[in-house]
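Quick notes on the structure that follows.
No lab work stands behind these numbers, since they all come straight from the coordinates. What you see is a predicted model; the values in this text were computed from it and never measured. Note that we place each Cβ from the backbone using ideal geometry, even for glycine, and neighbour counts take in every protein chain shown.
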């Protein structure tokens, strides 16, 4: 593995020479923050260099947002020394751009009005304002939407506009608190391309928190934060190496049995961790050879079909989960107290009996066609993923499928029922968790759960048990009487999920259930989802996390209201045309800029110290690529084909099909 | 200054964008103007009265007809035997019983006693009824020439300032005060609490705008809106209720400006304390509305408010504005009579601003 050189490739031309000598733009020593008696941050130390992208990664409630508040100068530290650009953060506010977790925009103002307001607050001279406005709007592809209200933009455009607002005063430091939550993969990738360019070309120092670990791979360095402290700091590669584990991708047809066998074995021997990812198992082992042998042996012992085993690098998620396990903070996985004995009696293999079925489903809003001829077939016991960019029509489709929104045309059948999808009989067999929180913010957690168990008709004698299960699964014992509105977003999602499954539905609709949820809790979520599926529940789920979409048995990609690809995760990745190439050069940003001149910009993206490039014809394009980089005097350290991730596939599919249609989705 | 203007421009853009608020800012005040202007009548009129004439003489008939002619009372037909039942059933507010020896006693030069029963449920009205029946009886006795010469002094009263006792002249200038106390502060409180509710306030914390600049920026924007509301409501009020300035209008014009600022500052103060919009609306509705309605002298004379509570009236801005407004439309004294009210309003506006600014403090999250 090539050791990473931290931000060495991109020492920028400094904006302010007097500050160029200061190596650390942000220096935090011994930071503590207490709210009344609760300690949110307990001794944090880190430093960030000029032009560096520093990621702050950790579970919900780790103290990330508090750290951001203090760095942004909007909150006092209890103790500790925090310096931004050599000053206390409060005095450096004009040189800091801060994107808060909540909306940083005024949704009832237009793009121009938002920009003008922020530049007024930050005293940007008029002449520079119009210059920068043009520059940054062009950078974010927003230049044609100046009059549009911020509230009418898609999630991705909103966050890009918020970034524009933060950049309008040309800050030297950018603080971004989960900027891409709820943003689709295409927009997320564009957003990160902009960040990479800002850091390396303009020397902006960026501190960013994200729950997406694939984004964390694009940071120069990462601080792993847990329980108010930073547990580990390093480059993504360093963190992966420090784990001392290897990842085996095990493909087998008997996933469930294999997972059980391997999980039991993981308590001893060289297997450290096992997780199902859709059609494969990820097994972490101490030693690749011994581990592989052990897996094969276990398969033979238990008479499982032979599996294919591939060795791969551990992911940051592996690091994150393993480290937090070591801290003993992994959420508990408790068995759901089933009172109906699951749904196994529903014939799982009868192909005629779909739990969710739609044929040529259409929905128009005025002249805008939000959903076009969508076909969905989900069997009992199956996890089906509906993926797409913001505004692709996923939520509209789900609302029609569970009878919340009448369809314009098409056939729907739900749980064998056609026509009346809103009968109370049918509704009792359905669970629905919507994108926005379904809980009442002004009730306590307990009151919310009691309410939902009541309206879903959970028998009174079972309620206590189910509610206890939700609370224990969420790790909220002893805090049942907290007001729901005070919980961090990720926790609310967990409670909402619990509320939607208490009545043991046969069919479960989950609309972005894991948005804003930390990786560890997400893993627990998926364990629960898998558990429900195995007990015969049909599950339809949407998500922006393509790493977790791997857990679906089958999925469809939606673009502009239409399904463009469907299949299992492996099928979709295998059907991608072309090849993904990983390029490591000495000047990542320069290489990216060079390649983007000749290729569509979605084909090139920066992942920390390397580039991912999508080419259509490897035999022709790889030598071509190499010669172009050589011609520009860029040293190529490594250039090799790598397998597509689901996200690469998704972006490829979306971009290829978007060529025919206008790029920006209509506001719905 | 540039930041104040930037803040102000943003507030106005948001205000203009929100059609609901825009409508509320102008429709609600008009509704208030009409409801209060037409509905509130302090004078007792059309009081239902039962007269039981046991005498049935010419004199007694003239007496009962006389009562009806005051146009303060309307006769109620009552066929029962005991007029008290009419009061019990709420058919009449008062009952007059003329004794059977009424005519005889009076022509004999003696004193006759009429029994008057008044429904005392509404104490205020009961007193009004009692006074008017007594007054009528006195004038009846005089007009009939029954006691000529016995009374040496006859009081001749004349109403000053409002000779026709035109009631809108008293109510409408007060309604201006109530409207301008509530609606501009409601808008300001909403604008402030919305930023906290949606979390956008963090952006202002993260920039270097000071609490004073933020408050003044918002105040300036809603001052502009408030001027619009004031012009609209006052012009409409004058036209519909046919009132006009009776003297120099400058104290009123300047007073309106100061009062708007005070009431916007009150709204901002509520908004700074409230964490979401519904709390802000409740705050303005309960505190603002009650104070402006009850403790401003709008309906109940300030002199009637008992001691500890009377101190509260001194910090109700509407009190001073209603004083200025009534002077402009009814009394017409001008600066000499009302300059203290201007001074008090200015002081109040400044105090409210200072408190709001102190609460905003260093523009940081509490922690």
Fewest-first ranking of A:456, A:98, A:226, using other Cβ atoms within 10 Å as the exposure measure: A:456, A:226, A:98
Listed residues B:333, B:111, B:204, most fluctuating in chain B (Gaussian network, C-alpha, under 10 Å): B:111
Pairwise label distance in nanometres, residue B:126 with residue A:362, each label 7 Å out on the Cα-Cβ vector: 7.6
Share antiparallel - DSSP beta bridges, chain B, percent rounded to 5: 35
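How high is the relative contact order of segment A:356-554, in percent, counting Cα pairs under 8 Å that sit 6 or more residues apart? Spell out each step's value before the answer.
Numbers: 326 pairs, mean separation 60.3, N = 199.
Relative CO of segment A:356-554 lands at 30 percent.
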Highest-MSF residue in chain B out of B:356, B:188, B:39 [GNM, Cα springs under 10 Å]: B:39
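Mind sorting A:24, A:441 by how few other Cβ atoms lie within 10 Å of their own Cβ, fewest first? Numbers along the way, then the final one.
Details: A:24 17, A:441 13.
The most exposed by this proxy come first: A:441, A:24.
I'd like the antiparallel share, as a percent to the nearest 5, of DSSP beta bridges with both residues in chain A. Kindly include the intermediate steps, with their values, before the conclusion.
Working: 73 of 108 bridges.
Percent antiparallel among DSSP bridges in chain A is about 70.
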Theoretical FRET efficiency, 1/(1+(r/R0)^6), r = Cβ-Cβ of residue B:81 and residue B:248, R0 56 Å, to 0.05: 0.35
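Once you wrap a convex hull around the alpha carbon atoms of segment A:514-668, what is its projected area averaged over all directions, in nm²? Please list the in-between numbers first.
Numbers: hull surface 45.2 nm².
Quarter of the Cα hull surface area: 11.3 nm².
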Shape of segment A:577-643, Cα gyration tensor, a/c cut at 1.5: rounded
Theoretical FRET efficiency, 1/(1+(r/R0)^6), r = Cβ-Cβ of residue A:45 and residue B:343, R0 45 Å, to 0.05: 0.20
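In the P(r) worked out for segment A:19-131, what percent of Cα pairs fall beyond 21 Å? Spell out each step's value before the answer.
On the way: 2968 of 6328 pairs.
Taking all Cα-Cα pairs of segment A:19-131, the fraction more than 21 Å apart is 47 percent.
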Angle between chain A longest axis and helix A:288-301 axis [Cα atoms, degrees, rounded to 10]: 10
Percent RCO, i.e. relative contact order, over chain A, from Cα pairs under 8 Å lying at least 6 residues apart: 13
Cα convex hull volume per residue for segment A:474-587 (Å³): 187
Reciprocal of mean inverse Cα separation for segment A:356-554 (Kirkwood radius, Å): 17.3
If the convex hull is drawn through the Cα atoms of the protein assembly as shown, its volume per residue in Å³: 230
Pairwise label distance in nanometres, residue B:38 with residue B:240, each label 7 Å out on the Cα-Cβ vector: 0.7
Percentage relative contact order, segment A:379-452, counting C-alpha pairs under 8 Å, at least six apart: 14
GNM result for chain B, Cα springs below 10 Å: residue of B:255, B:199, B:337 fluctuating most strongly: B:199
Residue A:81-residue A:631 pseudo-label distance in nm [points 7 Å out on the Cα-to-Cβ vector]: 5.3
Cα shape, segment A:245-313, gyration tensor, a/c 1.5 rule: rounded
Folded to 0 to 90 degrees: helix A:646-658 orientation relative to chain A principal axis, Cα: 80
R0 of 41 Å, Cβ-Cβ distance residue B:294-residue A:372: FRET efficiency to nearest 0.05: 0.10
Alpha-carbon centroids, segment A:82-105 and segment B:57-130: separation in whole Å: 81
On Cα atoms only, tilt of B:250-273 relative to the major axis of chain B in degrees: 60
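Could you line up B:26, A:525 from fewest to most neighbouring Cβ atoms inside 10 Å?
Working: B:26 15, A:525 23.
So the ranking, lowest neighbour count to highest, is B:26, A:525.
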P(r) of segment B:1-136 over all Cα-Cα pairs, binned every 5 Å from zero, in whole percent: 2, 8, 14, 14, 12, 8, 6, 4, 4, 4, 5, 5, 4, 3, 3, 2, 1, 0, 0
For q = 0.16 Å⁻¹, Debye-computed log10 I/I(0) when each Cα of segment B:214-306 counts as one equal scatterer: -0.88
